[in-house]
1. Please compute one quarter of the surface area of the Cα convex hull for the protein assembly as shown and express it in square nanometres.
2. Which Cα, out of B:G456, B:C480, A:A38, lies furthest along the positive dipole direction of the protein assembly as shown (beta carbon charges, K/R +1, D/E -1)?
3. Which number comes out as Rg/Rh for region B:171-245 once both Rg and the Kirkwood Rh are worked out on C-alpha atoms?
4. Over the residues of region B:1-157, compute the C-alpha Rg and express it relative to 2.2 N^0.38 Å.
5. Based only on Cα atoms, what mean projected area does the convex hull of region B:66-171 have, in nm²?
6. Length gain on complete extension for the stretch A:M1 to A:E79, per 0.36 nm per residue less the alpha carbon to alpha carbon distance?
7. Hey, with R₀ at 25 Å, roughly what FRET efficiency would A:A31 and B:V115 work out to, going by the Cβ-Cβ distance, to 0.05?
8. At 7 Å along the Cα-to-beta-carbon direction for both A:Q68 and B:R13, put a label point, then send me their distance in nm to one decimal.
Amino acid sequence: MTSIEQQLLKHIKEELVSSFKGDIQSDTDLAGIIDSTAIMELVVWIEGTFGFTVEIDDISPDNFGTVQRLDAWIRRNLESTAA
Amino acid sequence: MMFLADLLVNAARRWPDKLAAVFPHERVTYAELEQHSRSVAAELNRLGIGPGKRVAILHDNTLAALIYYWGILRSGAVTVDIPTSAGHATIVAALDEAQPSALAIQPAYLKQLAVELAGTCQRAVLSTANAAEFAGPLLARGQSFHALEAMLERKQALPEARAGADPSTVAMTIYTSGTTGRAKGVMLSHANLLFNASTFNSQVGLTNQDSLLLVAPLYYIHGRIQLLTYTMLGGTIFFSAGFRFPQAVLQELVRYAPTTFSGVPYHYSMLLTHSKLRSTQLPSLRKMMITGGALSPARLRELQEAVPHVALHINYGMTESSPRLTHLGPSDEVFARPTSCGRALPGVTLEILGEAGEPLPGGAIGEVVAGGPGIMTGYVSGDEHASGRIDARGRLRTGDLGYLDADGHLFLIGRSSEMIKSAGERLFPGEIEDVLQRHPGVGESAVFGVPDPALGERVVACVVPAPGHDLTPEDLKTHCLTALSYVRVPKEVHIVAELPKTPSGKIKRNALRARFASPDSGRAHEAREVHA
């Protein structure tokens with residue numbers, strides 16, 4: 001597990017998800033677990049933590065479906081910012 | 001005599017091959033839906049479940065949920081909608097109260113809830129085959145498990161007419177947030193809902209050529225009345241994957257090209273601020289319905305500028321009135337009185353009452369009270385009169401404050417109840433305070449809503465620590481997440497020395513609301529506003 005995945009899992013479990021929804025792993029489908037208001041909070045947290053601006057088109061089920069997909073998308077953004 | 005299930009039977013007879021419902025990965029015609037619902041109804045009847053019995057539905061918007069809904073109605077039983085967005089304690093309490101004979105449940109919820117549900121009263125659990133592995137705790141208590149797939153294989157006939165059936169009997173029960181912190185089961189009759197669907201449509205003028213992108217959950221009246229209206233018309237409903245991704249909802253509007261859309265203010269705010277609505281062409285879209293609260297005049301104008309060819313329609317109502325009471329539209333009517341929610345629908349009476357229950361003249365502000373054929377038959381708990389919700393004359397006390405102008409246009413100016421409307425959900429302080437009070441460090445707590453540009457209102461809590469306890473807002477938010485869904489978790493928690501109270505000891509929520517309504521750094525939603 002990458003450190004970004006660990007950070008995401010910690011933040012999501014502690015701040016955004018009701019514990020009665022069950023344990024969340026990197027490959028857990030986040031549909032039905034993270035609601036629309038929590039997604040917007042997550043976007044703000046990602047911008048603040050990783051230092052890039054999130055585009056509207058990127059707030060999608062493809063990128064936000066699981067922690068693994070979030071991790072891959074965040075790493076792509078960090079690479080393009082660094083390039 | 002007409003019953004809700006007749007809407008589907010008629011649609012299947014007249015438009016058998018027309019698509020009734022389109023989901024992201026599935027679709028069904030009216031003929032198929034009619035046949036599937038008959039199979040479910042036959043299975044329920046075989047289990048001894050029919051008229052006079054309740055069958056609960058705990059489902060997000062799925063094809064299985066749609067089939068079960070119509071199947072339950074066709075069996076003669078009453079549907080009981082339980083919001084999946086409620087916390088587990090609320091769900092279990094609602095099932096305990098409703099005592100359903102069977103429960104139609106989505107596999108994911110059976111997985112989460114099997115142990116708690118084993119203590120409730122169901123004889124039979126209805127799900128899909130992939131849920132069988134989660135049913136162990138229920139089977140151990142003698143309840144039976146039935147998979148939809150097996151039911152649909154057994155195509156069975158169903159008696160067409162039900163001798164002695166009465167359209168004024170209860171067809172559906174919908175659980176909605178209640179003032180006490182417990183959800184209230186609102187019982188609506190066939191006649192209530194058929195009146196509402198046909199009367200509202202007489203004002204809005206939808207036809208068989210219309211279609212809808214549905215974003216509301218079917219377990220709320222907003223979703224159910226859309227389903228009934230479009231089934232009555234033989235129109236197609238496109239089921240959105242949900243409002244978690246506003247830009248994805250906009251892409252659904254492009255891909256499905258529905259002629260109508262219905263949303264609450266939160267949905268429109270999100271489309272305007274978190275999608276590229278303004279720069280996207282939606283040539284098929286003809287009408288947008290705004291319900292469940294008011295968009296500000298500025299937001300209404302923004303919306304109309306974003307979709308200049310679309311007619312806007314506003315309505316006001318509540319679950320207890322099946323739901324719609326008023327209508328305002330199309331756009332020229334809306335912009336003539338942008339702060340009104342319209343005039344009473346034909347057959348609906350609106351009155352404004354003073355504090356002593358006396359009728360007030362035009363222009364005077366008081367409680368909005370409604371009458372007409374859509375008013376609920378009662379609550380499952382039986383306290384619709386004792387709670388003051390239904391008065392001695394059978395009128396519905398809405399708990400909303402407003403006035404009527406000389407033309408009968410209703411203007412709402414606030415609520416006499418403590419309801420908080422946040423992100424399209426209706427919440428009451430009691431359910432959140434109950435959870436806060438379970439924290440050992442909490443002495444007293446008060447929960448209220450303050451205006452929020454994106455959420456409508458956001459939930460704020462003020463907490464007085466118990467003697468000898470140190471509390472942090474973070475601790476309390478984490479604690480709330482153990483029992484509440486995220487939308488109900490206070491977005492701000494203030495630790496205070498005392499709560500303002502009236503001489504009789506009642507918490508002055510208005511004083512707290514005024515104190516904490518000022519702009520604040522915690523408004524992540526506002527900070528994210530983007531004009532695309």
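1. Working: hull surface 114.6 nm².
About 28.7 nm², averaged over all directions.
2. Positive-end residue among those listed: B:G456.
3. Values: Rg = 13.9 Å, Rh = 13.6 Å.
Across region B:171-245, the Cα-based Rg/Rh ratio is 1.02.
4. That works out to 1.00 for region B:1-157.
5. On the way: hull surface 30.3 nm².
Computing the convex hull of the Cα atoms and averaging its projections yields 7.6 nm².
6. Working: separation 78, 0.36 × 78 = 28.08 nm, distance 1.84 nm.
Working it through step by step, the gained length comes to 26.2 nm.
7. Efficiency for this residue pair is about 0.60.
8. Rounded to a tenth, the inter-label distance reads 5.2 nm.
Where a number appears in this text, it was derived from the coordinates with a stated rule and is not lab data. Remember, it's a predicted structure, so these values are computed and weren't measured experimentally. Here Cβ is always computed from backbone atoms with ideal geometry, including for glycine, and neighbour counts include all displayed protein chains.
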